[in-house]
Each structure stands twice: as C-alpha cells, then as structure tokens.
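The structure appears right after this line, and notes come after that.
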Amino acid sequence: MFPFSHPGLENVQVYKPGKPVEELERELGIRHALKLASNENPYGPSPKALAAAKSALKNAHRYPDGSCFYLKRALAERFGVAEDGIVVGNGSDELIVMAIRAFVGSGEEVLTATPTFLIYRIATLVQGAKIVEVPQKDFKYDLKAMTAAITPQTKAIFIANPDNPTGSFARRAELEAFVKKVPSNCLIFMDEAYYEYAAAEKDYPNTIAWLSQRPNLIVSRTFSKAYGLCGLRVGYAFAHPEVAAGMNRVREPFNVNGPAQAAACAALNDKAFVKKIVRQTVSERRRLEAQLRQRGIRTVPSAANFILMHLGAAAPAVYEGLLRKGVIVRHMKSWGLEEHIRVTVGRPQDNRVFLKALDASLSPKKK
Ligand SMILES: Cc1ncc(COP(=O)(O)O)c(C=O)c1O
C-alpha cells in the first residue's frame with residue numbers, strides 16, 4: 001500500500017461533490033439536465049460582478065493582489081470590522097483548511113456535529129488530528145452534548161450555521177451560552193456560508209458583534225451562495241487580528257485570483273441584486289416545502305437554500321429515478337442519512353420540473 005505520511009490519512013474519503021451536469025448529459029445522451037445538488041444560486045451572479053470579472057481578465061498575465069486590498073477594504077466598511085481582522089480564501093472551504101492548518105496540531109482534537117459539512121472532517125484528518133463528531137438532536141446541533149465533549153485536547157470547534165445538510169440553525173441565546181463555555185484557548189469557527197438566507201430569521205445570531213469580546217471566534221462567509229459566485233471561489237473570515245495573522249501564515253501567496261476579487265467587490269456593492277435573490281429563494285423554498293408536505297414527505301425546516309427530505313427506504317431508488325429524468329439531487333448516504341435526499345431550491349421552473357420528476361420516481365409503476 002502507498003506509504004501514507006500519517007495513519008489518519010488512511011481514513012480520509014475524497015470529497016464527492018454532486019454529479020456534474022455534463023456527466024449526466026453524456027451518460028443519458030440528453031441535454032438540459034437540471035442540477036439541484038450543490039446549493040448553488042440558480043439565478044446566476046449580479047451582471048455588475050460579471051462585468052467586473054471580465055474587465056479584470058485583461059490583467060491575467062499579472063499575479064493578483066495577494067492581500068486582496070480592495071475586497072478587504074469593502075468588507076471592513078460593510079461589516080464595521082478592522083481590515084487586519086479579515087482573511088480572504090479561495091472559497092470558504094480554504095478558510096476551514098487554513099484555520100485547521102494554523103491552529104490544530106497532529107493528535108489534537110477538532111469538535112463538530114454529525115451530520116454536518118464534510119470538509120471539517122476531511123481537513124482535520126488530513127492534518128493528522130482527531131475528529132470528534134457529536135450526533136445532532138432532532139436535526140439540530142446538540143450544543144449541550146458538544147459542551148460536554150470538550151476536552152483539554154479540543155483545539156477547534158466547527159459549527160455550520162445554518163447547517164448543511166439539515167438547513168437548521170442554532171439560535172442566538174443557546175449559541176451565546178455555548179460560546180461562553182468554550183475555553184479561550186479553543187477556536188470556535190462559525191461557518192456562515194448560508195448567512196444571507198438566514199439573516200432575517202427570528203433569533204439568528206449576529207456573531208460579528210461578539211468578535212470584540214471573543215478573540216477565539218472566527219466567522220466565515222462566502223460569495224458562493226446568495227452572491228452566485230461559487231465558480232470563482234471567494235470566501236472571507238472575520239477574526240481577531242492575531243488569529244487572522246496566523247491564518248495568513250499558512251495561506252498560499254496568491255490564493256484568490258484577480259477576476260474573483262473584482263467580481264466579489266462588485267457583488268458586495270450590488271445590494272439590491274443579492275436582496276432580490278434571497279427574497280426569491282426564500283419564497284420558493286417555502287412553496288417547495290409546502291408542496292413536499294402535501295405529498296406526505298417530512299422535511300427539516302430550512303433557513304438556507306436547500307431542503308433535507310425524508311423518503312425512507314425509497315430514497316436511493318428515488319435518487320436514481322430523478323437522475324434518469326435528468327434531475328440531479330443529493331442522496332445523503334455519505335452523511336450517514338441513507339433515507340434522505342437534499343434538494344437545492346431552484347427557480348420556479350426548476351422546482352416544477354423537480355416535482356414532476358419526483359412524482360414519477362415515487363410511483364414509477366403508474367408512469
Ligand atoms: C456549510 C458550508 N460551508 C462552506 C461551504 C463551502 O463553500 P465555498 O468554499 O464555496 O465558499 C459550503 C458549500 O457548500 C457549505 O455548505
């Protein structure tokens with residue numbers, strides 16, 4: 001066997017993203033397959049962001065600004081934080097990896113929930129550290145059980161808020177109580193990739209306001225979801241300047257490319273656009289949830305742009321049935337949820353296609 005550099009690497013499963021549209025179209029010999037598997041924004045990015053990226057392409061022969069000066073300045077102004085407390089990543093995935101690389105030693109522990117975003121587990125094992133996963137309770141992070149799972153070896157805690165794949169979120173009071181109990185030498189990484197969708201939910205916590213009191217807190221967000229820029233890869237984190245400096249030490253020098261930086265600046269400025277995307281997505285999510293309930297399908301209440309649905313033993317067959325109809329969703333087997341499927345909220349026309357294919361897959365004999 002290949003000589004792994006440390007035994008933890010043997011347990012690392014390569015991250016399997018949702019099936020690419022092109023792959024399914026090739027396999028089925030079809031066109032216009034519909035992908036509702038990766039929690040993307042189906043409306044696309046702001047035209048202003050696209051124009052900025054296009055214009056920045058003419059400097060493709062130059063290295064980008066490794067410090068992301070203009071983007072950091074724009075983020076600092078928007079969120080009222082100091083520029084030296086901002087780290088920009090090649091997607092927020094990279095910020096997760098950077099935090100672990102900078103602050104977790106091999107053999108130390110990283111605490112999170114299960115099911116949750118799989119990169120926490122992968123990045124921890126790649127680091128040669130130990131992952132401790134506390135089962136969720138009623139599809140929510142069990143913060144009491146997580147408090148009890150903190151040990152002197154716990155170096156970082158990852159919380160996706162809202163969570164992926166459940167879409168649930170930890171509320172202000174319970175999260176604040178949890179954060180207060182975490183020892184100051186243990187990092188708390190709040191992954192708010194779906195922040196824009198959840199921000200208006202009652203009791204959704206404003207974690208940025210806690211940063212000045214909590215030097216062990218990192219808050220990460222992304223341009224991948226509501227801003228529709230996942231293909232360009234830009235995420236950002238707010239932290240104490242010393243924590244940010246630690247993350248910057250392990251950052252690749254030119255981790256965020258020029259068109260991505262330009263697009264992110266323009267996207268941040270186009271407030272009306274992102275507001276519209278969030279409004280449309282949330283209203284479609286509610287409609288889709290109601291449609292699923294009408295079919296007797298149980299769903300987890302979501303504060304994000306996707307829905308986790310329970311299909312029981314039929315889940316794998318329904319997933320395959322949807323694929324044959326050209327609709328790609330996510331079967332949750334890799335998350336240990338064999339009986340569940342996660343669907344991204346699409347545009348109204350996408351959701352109609354999905355529901356039709358779902359009905360056909362739920363009762364294949366009638367078709
Ligand atoms: C909870 C969560 N965090 C982080 C990410 C990573 O997003 P990105 O690297 O595109 O910013 C995702 C992507 O699906 C996610 O669901």
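Just so it is clear, none of the values below were taken in a lab; they were calculated from the coordinates. Computed from a predicted structure; not experimentally measured. Ideal geometry is used to build each Cβ from the backbone, glycine not excepted, and the neighbour counts take in all protein chains shown.
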Query - Length gained when the stretch residue 293-residue 324 is fully extended (0.36 nm per residue, less Cα-Cα span) - result: 8.8 nm
Requested in this report: Between residue 184 and residue 151, with labels modelled 7 Å along Cα→Cβ, what's the label distance in nm to one decimal, could you check?
Outcome: 2.5
Query raised in the report: Taking the Cα centre of region 47-270 as the origin, how large is its charge dipole in debye, to the nearest 20, when only Lys and Arg (+1) and Asp and Glu (-1) carry charge on their Cβ atoms?
Result: 260
**Report entry** Protection proxy ranking, peptides 116-122, 273-279, average beta carbon neighbours within 10 Å, highest first
**Finding:** 116-122, 273-279
Report task. Describe numerically, in nm with one decimal, the distance between label points set 7 Å from Cα along Cα→Cβ at residue 338 and at residue 275. Result -> 4.8
Report summary line: For residue 276, counting only aspartates and glutamates whose alpha-carbon sits under 16 Å away and dropping same-chain residues fewer than eight positions off, the answer is 40, 196, 284
Report summary line: the chain: antiparallel bridges as % of DSSP beta bridges, rounded to 5, reads 50
Requested in this report: Rank by packing, highest mean first: peptides 316-326, 15-25, with packing defined as the count of other Cβ atoms within 10 Å averaged across residues.
Outcome: 316-326, 15-25
Query raised in the report: Between their Cα atoms, which of 180/275; 140/225; 144/202 are more than 29 Å away from each other?
Result: 180/275
Requested in this report: Order the peptides 167-178, 335-346 from the highest to the lowest mean number of other Cβ atoms within 10 Å of their residues.
Outcome: 335-346, 167-178
Query - Mean ellipticity per residue at 222 nm, deg cm²/dmol - from DSSP H runs of n ≥ 4 across the chain, formula -39500 (n - 2.57) - result: -11500 deg cm²/dmol
